[in-house]
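The values are calculated or read from the model by the stated rules, or taken from the named source; none is laboratory data. It should be emphasised that the depicted structure is a prediction, and the values quoted were computed from it without experimental measurement. Neighbour counts run over all protein chains shown; Cβ positions are idealised from the backbone, glycine included.
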Amino acid sequence: MPALIDIIPQGERIERHRPWPRFVVTPPGWRDAAAALAAGRATLLALWGDAGLAPMVHMAIADDATGEIAVISLPCPTKTFPSVGALHPPAIRLERAIGSLFGYEPVSAPDARPWLDLGFWDVKHPLGDRTPAPATHPAYAFLQTEGEALHQIPVGPVHAGIIEPGHFRFTASGETVVRLEQRLGYVHKGIESLMTGATLEEAARLAGRTSGDSTVAYAIAFAQAVEAALNVQAPPRALYLRALMAELERLANHFGDIGAICNDASFALMHAHCGILREEVLRAAAACFGHRLMMDRVLPSGVAVDLAAGGADMIRKTLRGIAARFPRLVELYDNTASLQDRTAATGIVGAELARQFGAPGYVGRASGRAFDARKTPGYAPYDRLEFEIPVLTAGDVNARVWVRIREVEQSLNLIEQILARLPDGPIATPLGGNGAPAEGLGLAESFRGDVLAWVRLDGLRVARCHLRDPSWFQWPLLEAAIEGNIVADFPLCNKSFNCSYSGHDL
Amino acid sequence: MRRTLLEGLTHRPLTETPPAADEAALKELAASVDRAARQKLGRSLAIREVDAGSCNGCELEIHALNNAFYDLERFGLRFVASPRHADVLIVTGPVTRNMREALERTYNATPDPKWVVAVGGCALDGGVFAGSYAVVGGVGAVVPVDLHIAGCPPTPLQLLQGLLALLQRPPAA
């Protein structure tokens, strides 16, 4: 594979963008980059609009193997740009979102329907020219399905459970799902619009509430982006404390997921026991950092609170208790044939799709994609810690459960290492900057996959911030995974993905 | 599996002593819900949860109410799948414009008498999302609210204290 820098079309390099380079290109250069994505020479990390300085679209691309990242920018004075989705399907929803939020049109895009804009806003193109919304909207055109004896099952936005809202349109032949089409955007809160002009403290609170289950990972990605832009380093102790919180968050979520997946196969015993483990982790987090989900504990500059006195011993005690009990639950999962019957060979994501979509997190790692932002590009302190990235190839619900089980084991071990090496010193560093516009990119591995944050700062205020949830590249794969499965297995497949609605909808 | 099940029988339960009902919640209910309706409270209540725009933090803590430590069902409170089976709607999040109609329809599908509990800082007034083009505001801007449980997100204990207020019946006249 050629180095990423070789496939990037020649363009003007923007000096104020850190830590990875940003290039401004022309439309042919933009098309070349799209072709490189389509040819599998790079992975699409994000694609977003920007109306701040001039109408522009940006895409972040990565070399999976080396972790090299670059941002490519295309000015679009006519508010059009060559569609990336026409060549590379993972870009389709991102371009539809750009169309709805900014009014920039991807030329020859395969799908021109709106995304996120469900027709309820007062403004059209809220991040672009903000024109008044039309009084009436055409009905959303769901994809057509034709065939004898097909029937449709509309589900949501309000679902039967304590879960987030979204709409699923199933077309089934008997019990078999022929097609699932998702329609999302119900929890769109306009976070990127609220970010614009916000102070760093306000923006960090918003970033930490983009997807509450990944609040620590979002706060880390946002802090990384701001610190890169301002060219400052959080102190070592803060970096270790961030990793400690991130691993506690990963543990809590993985316990929740493992239990909930089993519960969706009506195996309540696992759910009950995993719920206990999750609660113990959250209580340890509350005792050590003053908040069960550790919201607002990571800030640009460092962390907001130090580990409470006696916190390290408390975490060790909690985790040793968990480490003693977890293997029995794994054995229970592995040896219950009726449960395996539901999870094995259900909801398969093929390796090629996982690669093409750059499937983040356990969705990718259960389908052969060995990517974890903690390793590549990697960030402190993980470069000094020993851990493995579990990768499986079956791509089914069972594999996604096993990746989580293995990651729990890795996180338990990581936390031991973090506590053993936790350096002394300050927990935050003053943020200066010379007031000049500055741009930064951050990439942090949440329990769900890599969260990307991109900022342009104007002094110590946010001029533009884009947050890309891992779910953007997982939701479409869920549509693929359910095809050919029975409707009754959808909850199981869905839970094994556990995509974020809020993180996706922004 | 046998060992895990047997231990469940022989070990002491993890379930904790219930907290007292939250005083502020009791006062709010006394003010917002009339006496006749309150007489109907205090029994087993079916709860339907509606996420009207939350970041999903509140959902995580509402989920936790069902774990072995809090065991919500011991109080006769249980989550149901349909608003048509519900006495209480728990609504989280700032209400987004995209969820407004869905929330109204869920409310209208819930049979009377019904009570609405708004959970979390966003459900009170939109929280950090107030003022966005995509957000209507707090839950009260869309459906009448009988009880607020504050917090970002409220802890399961705070949720329990608030919900237990629903179970306190006013003394007979």
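Screening B:A20 on (1) more than 9 Å from chain A (Cβ to nearest Cβ); (2) without any contact (Cβ under 8 Å) to a residue 60 or more places away in the chain; (3) over 15 Å from the mean Cα position of the chain (by Cα) shows it passes everything except condition (2).
For (1) under 14 Å from B:W115 (Cβ atoms); (2) facing another protein chain (nearest Cβ under 7 Å); (3) buried (at least 18 other Cβ atoms within 10 Å of the Cβ), each residue gets a yes or a no:
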| site | (1), (2), (3) |
| --- | --- |
| B:I62 | no, yes, yes |
| B:N67 | no, yes, yes |
| B:Y70 | no, no, yes |
| B:F79 | no, yes, yes |
| B:H85 | no, no, no |
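Checked against the criterion of being farther than 28 Å from A:P236 by Cα and not in a helix (DSSP H, G or I), the range A:371-390 contains not a single residue that satisfies it. Residue-level check: of (1) surrounded by fewer than 23 Cβ atoms within 10 Å (Cβ to Cβ); (2) within 26 Å of A:W20 (Cβ to Cβ); (3) not small (G, A, S), A:T393 misses just (2).
Summed over the range A:153-166, residues that are under 15 Å from B:R105 (Cα atoms) and assigned to a strand (DSSP E or B) total 1. On the stretch given as the range A:141-190, residues that are within 27 Å of A:D117 (Cβ to Cβ), of a type in the set (G, A, S) and without any contact (Cβ under 8 Å) to a residue 40 or more places away in the chain total 4. Look at the range A:466-493: where a residue is within 30 Å of A:A51 (Cβ to Cβ) and a partner is modelled with pLDDT of 95 or more and basic (K, R), sitting 6+ places away or on another chain with Cβ atoms under 8 Å, you get A:D469/A:R448; A:P470/A:R448; A:S471/A:R448; A:W472/A:R93; A:Q474/A:R448; A:W475/A:R93; A:P476/A:R93.
Scanning the range A:293-308 for residues that are within 14 Å of another protein chain (Cβ to nearest Cβ) and either crowded, with 24+ Cβ neighbours inside 10 Å or of a type in the set (S, T, N, Q) (or both) gives A:L293, A:M294. For the list (1) away from chain A (no Cβ under 13 Å); (2) in contact with a helix residue (DSSP H, G or I) (Cβ under 8 Å, 6 or more places away or on another chain), I need the number of the one condition that B:L5 fails. Unmet for B:L5, out of (1) away from chain A (no Cβ under 13 Å); (2) in contact with a helix residue (DSSP H, G or I) (Cβ under 8 Å, 6 or more places away or on another chain): (1).
Taking helices (runs of 4 or more DSSP H) as the structural unit, those lying wholly within the range A:298-358 and holding at least 3 residues that are more than 30 Å from A:A60 (Cβ to Cβ) correspond to A:311-335, A:337-343.
Within the range B:124-157, the set of residues being in a helix (DSSP H, G or I) and farther than 15 Å from A:R205 by Cα comprises B:L124, B:D125, B:V139, B:G140, B:A141, B:P156, B:L157. Restricting B:V91, B:V50 to those that are at pLDDT 95 or above and more than 8 Å from chain A (Cβ to nearest Cβ) reduces the list to B:V91. Checking each residue in the range A:193-202 for being in a helix (DSSP H, G or I) and more than 10 Å from chain B (Cβ to nearest Cβ) picks out A:M195, A:L200, A:E201.
Would the range A:246-264 turn up any residue that is surrounded by fewer than 24 Cβ atoms within 10 Å (Cβ to Cβ) and more than 14 Å from chain B (Cβ to nearest Cβ)? No, that holds for no residue.
One residue alone among A:P157, A:P106 is surrounded by 17 or more Cβ atoms within 10 Å (Cβ to Cβ) and within 14 Å of chain B (Cβ to nearest Cβ), and that residue is A:P157. Please verify whether the range B:118-141 includes one or more residues that are modelled with pLDDT under 95, crowded, with 22+ Cβ neighbours inside 10 Å, within 12 Å of the chain's Cα centre (by Cα) and not hydroxyl-bearing (S, T, Y). No: the range B:118-141 contains no residue that is modelled with pLDDT under 95, crowded, with 22+ Cβ neighbours inside 10 Å, within 12 Å of the chain's Cα centre (by Cα) and not hydroxyl-bearing (S, T, Y). Can you work out which of the residues in the range B:110-163 that are of a type in the set (S, T, Y) and within 11 Å of chain A (Cβ to nearest Cβ) is nearest to A:A198 (Cα to Cα)? So, considering only residues that are of a type in the set (S, T, Y) and within 11 Å of chain A (Cβ to nearest Cβ), the one nearest to A:A198 (Cα to Cα) is B:S132. Note on the range A:132-152: residues that are away from chain B (no Cβ under 12 Å) and part of a strand (DSSP E or B) total 3. Scanning the range A:282-292 for residues that are surrounded by 18 or more Cβ atoms within 10 Å (Cβ to Cβ) and either among the charged types (D, E, K, R) or touching a Lys or Arg at 6+ places or on another chain (Cβ under 9 Å) (or both) yields A:L282, A:A284, A:A285, A:F289, A:H291, A:R292.
Yes or no: A:S367 under 30 Å from A:P89 (Cβ atoms) and hydroxyl-bearing (S, T, Y)? Yes. Tell me which residues, restricted to the range A:258-269, are polar (S, T, N, Q) and assigned to a helix (DSSP H, G or I). Correct list: A:N263 only.
Counting the residues of the range A:172-199 that are over 17 Å from B:G127 (Cβ atoms) and surrounded by fewer than 20 Cβ atoms within 10 Å (Cβ to Cβ) gives 12.
In the range A:339-372, of all residues being surrounded by fewer than 24 Cβ atoms within 10 Å (Cβ to Cβ) and of a type in the set (K, R), the one that is nearest to the chain's Cα centre (by Cα) corresponds to A:R355. Counting only residues that are part of a helix (DSSP H, G or I) and either of a type in the set (D, E, K, R) or more than 21 Å from A:V305 (Cβ to Cβ) (or both), the range A:216-252 holds 10 of them. Taking first residues from the range A:375-399 that are within 19 Å of A:L422 (Cα to Cα) and partners that are assigned to a loop (DSSP other than H, G, I, E, B) and of a type in the set (S, T, N, Q), the Cβ contacts under 9 Å between residues at least 6 apart in sequence or on separate chains come to A:A380/A:Q233. A:A272 meets the conditions (1) crowded, with 24+ Cβ neighbours inside 10 Å; (2) more than 18 Å from the chain's Cα centre (by Cα); (3) assigned to a helix (DSSP H, G or I) in every case but one. The failed one is (1).
When A:P114 is tested against the conditions (1) over 26 Å from A:F497 (Cα atoms); (2) modelled with pLDDT of 95 or more, the lone failure is (1).
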